[in-house]
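Notes follow once the structure below has been shown.
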Amino acid sequence: MKTLVIVSHPDIEKSNTQQFLKASAATLSQVAWHHLDVNLPFDVPAEQHAIQAADRIVFQFPLYWYMAPASLHQWLTEVWLKQFVYDAHGGLLRGKSLGLVVSFSQPEAAYQLGGKVGFSLSQFLTPYVALAEKTSLDLLAPLTISQFANQTDMAHQQLLVRYQQYLTLVHPDDPDEQAQWYIDRLQANPETSILADQLAAQTDEIDRLRLTLHELKAGESE
């Protein structure tokens, strides 16, 4: 799966969050990192070619006044044109998926009813739901990053894993795909291959237990 990460950030060199994410994606051969703000003015045919070549498109940005930075809006206006992303018959990006990686400086709890912001992230990101619907993209649940600077080293390690899975797995939230992701990486290192075998065996056992549970529930309903 080829993933195109569209990064919108006007001062990316000073962003610890974006620099961390860039380093986290650097080893992923099927992931292309594309920073919009250094590619102005846009070469529209080249931008459209990159979209066509990707299986997954990820919009990555910090919340600026509850919106994406200006470069993403400009890119969408100039590149996502009628007859390229949609026509009179519907969306033209069918078969591709759209992901959102959104960072913000307040606690996650602020973005809910009764929180400091008072509105949910889903409400602020609703325009991308409409965009995905218009272009026939399969929208993924967003990957949110709250207060990166305040996170522990352990939290950063967990974020690295979540981010790499978000960019590379067909279904990033699927436990089986997540387990296989760990197995593949453990098997690639001779020193951890035994751990990979143990994890694979445990995953198989979990699958058997799920099947047994499904059969028991089916028997109860008969």
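Structural remarks
- Per residue, the stretch 1-171 exposes an accessible area of 52 Å² to a 1.4 Å probe, with every protein chain left in place.
- Where a label projected 7 Å from the Cα of residue 123 along Cα→Cβ would reach, residues of the stretch 89-110 with amide N under 17 Å: 106-110
- At the residue level, residue 145 shows approximately 0 square angstrom of accessible surface with a 1.4 angstrom probe and all protein chains present.
- The residues 154, 1, sorted by heavy-atom accessible surface at 1.4 Å with ligands and nucleic acids left out, run 154, 1 from largest to smallest.
- Computed from phi, the 3J(HN,Hα) profile of the stretch 137-153 under the Karplus parametrisation 6.51, -1.76, 1.60 (θ = phi - 60°) reads 7, 8, 7, 8, 4, x, 9, 9, 10, 9, 6, 3, 5, 8, 7, 7, 4 Hz, with x in place of Gly and Pro.
- When the stretch 118-161 is reduced to its Cα atoms, the Kirkwood hydrodynamic radius in Å: 12.7
- Heavy-atom accessible area for residue 2, with the other protein chains in place and a 1.4 Å probe, reaches approximately 110 Å².
- Note that the stretch 1-171 shows a convex hull volume over its alpha carbon atoms of 118 Å³ per residue.
- Rolling a 1.4 Å probe over the protein chains gives residue 177 an accessible area of about 50 Å².
- Cα Rg, Dmax (largest Cα-Cα span) when computed across the stretch 75-131, Å: 15.6, 43
- Bins of 10 Å from zero: percent of alpha-carbon pairs in the stretch 1-97: 14, 46, 33, 6, 0
- Distance from the C-alpha centroid of the stretch 66-82 to that of the stretch 1-27: 18 Å, rounded to the whole angstrom.
- Beta bridges assigned by DSSP with both partners in the stretch 13-153 are antiparallel in approximately 20 percent of cases.
The values are calculated or read from the model by the stated rules, or taken from the named source; none is laboratory data. Keep in mind that this is a model prediction, so the values were computed, not measured. Cβ atoms come from the backbone with ideal geometry, glycine included; neighbour counts cover every protein chain shown. Keep in mind that these areas ignore ligands, DNA and RNA; they rest on the heavy atoms of the full protein, side chains included. Shrake-Rupley method; radii C 1.70, N 1.55, O 1.52, S 1.80 Å.
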